[in-house]
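**Student:** I have a structure here, written as structure tokens, and I will follow up with some questions on it.
We did not get these values from a lab; they are worked out from the coordinates using the rules stated. In this text the structure is predicted, and so the values were computed from the model without any measurement. Neighbour counts run over all protein chains shown; Cβ positions are idealised from the backbone, glycine included.
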Amino acid sequence: MNATINHDALALILEAILLSSDKSLSLEQLEAFFSPDEQVTRADVRQGLTALRTLCAGRSFELKETVSGFRLQTRAYYQPWVQRHFEEKPAKYSRALLETLALIAWRQPITRAEIEEVRGVAVNPAILKTLQERDWIRVLGHKEVPGRPALWGTTRQFLDYFNLRSLDELPSLEALSTHTLDELVL
Amino acid sequence: MNATINHDALALILEAILLSSDKSLSLEQLEAFFSPDEQVTRADVRQGLTALRTLCAGRSFELKETVSGFRLQTRAYYQPWVQRHFEEKPAKYSRALLETLALIAWRQPITRAEIEEVRGVAVNPAILKTLQERDWIRVLGHKEVPGRPALWGTTRQFLDYFNLRSLDELPSLEALSTHTLDELVL
Amino acid sequence: MVLPIVLELTPEASTPLALVWGEPLATLPNDLYIPPDALAVVLEAFEGPLDLLLYLIRRQNLAISDIPIAAITEQYMAYVEVMKVFNLDLAAEYLVMAALLAEIKSRALLPIEATATTEEHDPRMELIKRLKEYERFKKAAQALDDLPRLEREHFTAHAEVERAKQAVLLPEVELRELLLSCQAVMKRAEVSAHHSIRREPLSIRDRMSKVLSALQLNTAVAFEQLFTLDEGRRGVVVTFMAILELLKAHLIEVLPQSTPYAPLMITTVETA
């Protein structure tokens, strides 16, 4: 190795190379970043990487060796913050979903057929699934009619989400049909 | 600010956020990475960034503020090595492209005819297309003359790419021209 | 025709052309093979007539304002002739400039009084102004190119993130939205006449759900256990009505008593 480069300086060069790379780099690939007159051997690269690993102690990122080589990656500790890069903007729920949820809230226990009867259209099973996954609705039992359809109702999580202590706090259907929304104290 | 986070810890969180971002992030955007109960204010983010700048001393990368915010970038010193990510030399821009871009940068808003007037030659449409595809220039409006030609100006991406916080950071044309005349008389 | 030019033609592109232009142009045989791109390369080195003029002026270490117009015009015309000789697709701008130079040159030969009257349209001053302006932007382009930039001096520093679990942000819903939905759906249902919406106090509906869920957890629940005495008389009534509604709807049933006055056991309806 060239006398003008020590292993700490080499570690920083490797850091710059890895930080500007979009993929992992093998020892061989890293070696190729140096020109022949720099006389950086594979052993030097190895030592440089060891020095780099030490340099990264106490930083937000670490040197990671994978099957395809080396890369710098943020430490698991920072996941909660870093994660937000990948959070997608929440979609909006469809009108069909909100109406289904409203019917389950005000008319529980209610079967899917009953929801369909009021809404006048079929309920997409995906809607019930979404609402279930959100823990807002659950099956309370089964109606004793042919097919034993599930009876849906809302959950404690539903009340929590909407800041309600009980379903009594929902405006009554009478109030809904005779008053405009603004008149209802929300 | 939450007592459990100090500014050095915050600096490392900001480091992780910036290292995992593919674009510059503004103070506002950085602030949004923290949940309300972390109680990280914009002033905290600012202090965290100052701490991060210090933390980067002696590393291969630095904190850079450009027009759209903050990013971490490798230092110019590492250019000879980092450059080799490219199989070939980095894109060298033609004089025609650079002159066109210079006219748009210093003289915006400017029409194509005005560019041609100064340069004394027609502007190849491919140049404007290239500059647009790089997101360095955009149409700011149209000049109220026959034909309503497009008025060109530079973008934030242009400033980001050339490490500028604002157009004010471009060298002044006066400085450039006096320098030129002295040189010419030799 | 004066041809002082050929070899040191351009600052950048002289090497490949030396072979072609080793001899004075006038002696070039017509059938000499000229690499078709050679002159194009030369011309590409100039960004137009202004750039070529600047080059000619600079070569003589002159300030723009001191242009010896006659000499420069001759040199400029020589270039244009070369371009013509090689049948180069000569940009019209070069010819326009040639005409301008010729005009300036001929004016210079006129008596001073004749030119003084048209001073505001002095084409020489105009040209000098344009040359200075162009040179300014030539420098600006160079200054721009000298700025440290991404993908050359600097690279965005990027570390990988292990994306173990994807956080999905769920849509937010306001109670107001839910109310609007309910209002909308009810209105639609009322419009279609054959649906009569029974209006029951919500508290009974709520209690029906609670009773059903209590029965979900246990196979059978004592009737008394379904009541919360703390709720007072109204609560008891509501629960009792809920149980009656559920019985009416055949959602629950009362198990047969094993002995008289044994506790009433309530269970969900099981059908085979």
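**Student:** Relative to a virtual label point 7 Å from the Cα of A:Gln157 in the Cα→beta-carbon direction, which members of region A:111-150 show backbone nitrogen distances below 17 Å?
**Tutor:** Those under the cut-off are A:126-140.
**Student:** GluC sites (Glu not before Pro), restricted to region B:112-156: which are DSSP loop and have at most 15 other Cβ atoms within 10 Å?
**Tutor:** B:Glu144
**Student:** Between B:Glu133 and B:Arg84, 0.36 nm times their residue separation minus their Cα-Cα distance comes to what?
**Tutor:** Working: separation 49, 0.36 × 49 = 17.64 nm, distance 2.44 nm.
Net length gain for the segment: 15.2 nm.
**Student:** Separate question: Pull up all non-local amide H partners of B:Thr66: gap of 5 or more, or a different chain, and H-to-H distance under 5 Å with H placed in the peptide plane.
**Tutor:** B:Arg71
**Student:** From the Cα gyration tensor of region B:95-185, with a ≥ b ≥ c the square roots of its eigenvalues, which class applies: rounded if a/c is under 1.5, or else prolate if a/b is larger than b/c, or else oblate?
**Tutor:** Oblate.
**Student:** Under 29 Å Cα to Cα from C:Lys139, which lysines show up? Leave out anything in the same chain fewer than 8 places away.
**Tutor:** B:Lys64, B:Lys89, B:Lys92, B:Lys129, B:Lys143, C:Lys105, C:Lys129
**Student:** A further question on this structure: Sort B:34-40, C:203-209 by packing, meaning the average of other beta carbons within 10 Å per residue, with the highest value first.
**Tutor:** C:203-209, B:34-40
**Student:** Beta carbons within 10 angstrom, averaged per residue: use that to sort the peptides B:134-140, C:231-237, C:123-129, B:103-109, highest first.
**Tutor:** Highest-to-lowest ranking by the protection proxy: B:103-109, B:134-140, C:123-129, C:231-237.
**Student:** Taking the simple approach of a point 7 Å from Cα along Cα-to-Cβ for both C:Tyr261 and B:Asp37, what is their distance in nm?
**Tutor:** 5.5 nm
**Student:** Counting Lys and Arg as +1 and Asp and Glu as -1, what is the net charge of the other residues whose Cβ lies under 10 Å from the Cβ of B:Ser68?
**Tutor:** Around B:Ser68, the charge tally is +2.
**Student:** Quote to one decimal, in nm, the extra length available between C:Met125 and C:Ala249 on full extension: 0.36 nm per residue of separation minus the C-alpha distance between them.
**Tutor:** Once the chain is fully extended between C:Met125 and C:Ala249, it gains 34.5 nm.
**Student:** Residue by residue through A:8-21, how many Cβ atoms from other chains fall within 10 Å of the Cβ on average?
**Tutor:** For this peptide, the per-residue mean of nearby foreign Cβ atoms is 6.
**Student:** Give, in nm to one decimal, the length gained when the segment between C:Phe223 and C:Val85 is fully stretched (0.36 nm per residue of separation minus the Cα-Cα distance). Kindly include the intermediate steps, with their values, before the conclusion.
**Tutor:** Values: separation 138, 0.36 × 138 = 49.68 nm, distance 11.26 nm.
Stretched fully, the C:Phe223-C:Val85 segment lengthens by 38.4 nm.
**Student:** May I ask you to report, in nm to one decimal and beginning with the shortest, the distances from B:Arg46 to the same position in the other copies, taking label points 7 Å along Cα-to-Cβ?
**Tutor:** 5.1
**Student:** Using label points projected 7 Å from each Cα along Cα→Cβ, tell me how many nm separate C:Ala70 and A:Glu144, to one decimal.
**Tutor:** 12.3 nm
**Student:** Sticking with this structure for a sec: Loop only per DSSP, at most 15 neighbouring Cβ atoms within 10 Å: give me the trypsin sites (Lys or Arg not before Pro) in region B:14-103, ordered by residue number.
**Tutor:** B:Lys23, B:Lys92
**Student:** Kindly write out, for region C:137-153 in residue order, the coupling ³J(HN,Hα) from the Karplus curve 6.51 cos²θ - 1.76 cosθ + 1.60 (θ = phi - 60°), rounded to whole Hz, with x marking Gly and Pro.
**Tutor:** Result, rounded to whole Hz: 7, 4, 5, 4, 4, 5, 4, 5, 5, 7, 5, x, 9, 5, 6, 10, 6.
**Student:** When the Karplus curve 6.51 cos²θ - 1.76 cosθ + 1.60 is applied with θ = phi - 60°, which whole-Hz ³J(HN,Hα) does each residue of region B:62-69 get, with x for Gly and Pro?
**Tutor:** Once rounded to whole Hz, the list reads 9, 8, 10, 9, 10, 4, 8, x.
**Student:** Now for a different question. If I take every Cα pair under 8 Å that is 6 or more residues apart in chain B, average their sequence separation and divide by the length, what percent do I get for the relative contact order?
**Tutor:** Relative contact order of chain B: 17 percent.
**Student:** Sticking with this one: Once the dipole of region A:23-132 is set up with Lys and Arg at +1 and Asp and Glu at -1 on Cβ about the Cα centre, which of A:Tyr77, A:Ile104, A:Leu131 lies farthest towards its positive end?
**Tutor:** A:Ile104
**Student:** From the alpha carbon gyration tensor of region B:7-85, can you work out the equivalent ellipsoid semi-axes (sqrt of 5 times each eigenvalue) and give them in Å, largest to smallest?
**Tutor:** Semi-axis lengths for region B:7-85 are 25, 13, 10 Å.
**Student:** If r is the Cβ-Cβ distance from B:Thr54 to C:Glu151 and R0 is 25 Å, what FRET efficiency results, to the nearest 0.05?
**Tutor:** Once rounded, the FRET efficiency stands at 0.40.
**Student:** How many Cβ atoms of partner chains, on average, are near each residue of C:50-60 if near means within 10 Å of its Cβ?
**Tutor:** Numbers: counts 4, 6, 1, 1, 2, 0, 0, 1, 3, 0, 0.
Going residue by residue through C:50-60 and averaging, the value is 2.
**Student:** While we're on this one: May I ask you to derive the relative contact order of region A:7-85, considering only C-alpha pairs under 8 Å and at least 6 residues apart, and to give it as an integer percent?
**Tutor:** After rounding, I find 34 percent.
**Student:** For A:Val45, what is the net charge nearby, where nearby means another residue's Cβ is under 12 Å from its Cβ and Lys, Arg count +1, Asp, Glu -1?
**Tutor:** -2
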